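The values are calculated or read from the model by the stated rules, or taken from the named source; none is laboratory data. The structure displayed is predicted, hence computed values, not measured ones. All Cβ positions, even for glycine, are placed from backbone atoms using ideal geometry, and neighbour counts span all protein chains on display. Side chains included, ligands, DNA and RNA excluded: accessible areas come from the protein's heavy atoms. Shrake-Rupley method; radii C 1.70, N 1.55, O 1.52, S 1.80 Å.
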Amino acid sequence: MTTTPSGLRDRAAEYALLPVRLFLGITFVYAGLDKLTDTAFLSATGDGSIGQQMEAVRDSAALPALIDFSSQNPVAFGMAMAFGELAVGLGALAGLLTRMAALGGALISLSLWLTISWQTTPYYYGNDLVYLVAWIPLILAGAPALSLDALLHRRRRRPGAARARARSGRNPAPAMPS
């Protein structure tokens, strides 16, 4: 079986976002688990606590109101952040609802950039901005390869899928005219 140069390019394009998706997925799962297993982090006060971290960056944040809002209940905010990172990471790794997971990852990264990383100088030393930009291709393209999204898309497009939906009582999609 020979593959043409254009066939190789098409195949490479299909898998081009896989390394980014895996990196971001692993990183966000790790970040979420790290927060959930760190008892110091999930405290309102004390060394290494979410409360102490928020207090330390409040005056240098681009959006101090965001810090003030989350400081009302820092432990709940820390838990929400951890579970959000975990959900985003698992969604990216599995390639399930990838665009939605990527949007969630971008919003988490944006909020961290505007609060925690904002004072980093020069700006390109702060990693949250890089994560924000890295999520954008996944928002735009989703996960075309090795993903549950792609598997579900292929199943919906199978020729017998409309007949199977009709037999199961679900309303099949109308046929497109030629």
Within region 54-80, residues buried (at least 18 other Cβ atoms within 10 Å of the Cβ) and of a type in the set (Gly, Ala, Ser) come out as Ala61, Ser70, Gly78
Take the residues of region 93-108 that are within 29 Å of Ala65 (Cβ to Cβ) and among the aliphatic types (A, V, I, L, M): which is most open to solvent (accessible area, probe 1.4 Å)?
-> Met100
Tell me which residues, restricted to region 81-92, are touching a residue at least 60 places away in the same chain (Cβ under 8 Å) and open to solvent by 40 Å² or more (accessible area, probe 1.4 Å).
-> Leu90
Those residues of region 128-148 that are touching a residue at least 40 places away in the same chain (Cβ under 8 Å) and either under 27 Å from Gly78 (Cβ atoms) or open to solvent by less than 40 Å² (accessible area, probe 1.4 Å) (or both) come to a total of 9
Report, by residue number, each residue of region 109-127 that is open to solvent by less than 30 Å² (accessible area, probe 1.4 Å) and either without any contact (Cβ under 8 Å) to a residue 12 or more places away in the chain or under 13 Å from the mean Cα position of the chain (by Cα) (or both).
-> Ser109
The one condition Arg99 fails out of (1) of a type outside the set (Val, Ile, Thr); (2) within 15 Å of Met81 (Cβ to Cβ); (3) part of a helix (DSSP H, G or I) is (2)
List pairs: first in region 49-72 and in contact (Cβ under 8 Å) with a residue 60 or more places away in the chain, second open to solvent by less than 20 Å² (accessible area, probe 1.4 Å) and acidic (Asp, Glu), Cβ under 6 Å, 6+ apart or cross-chain?
-> none
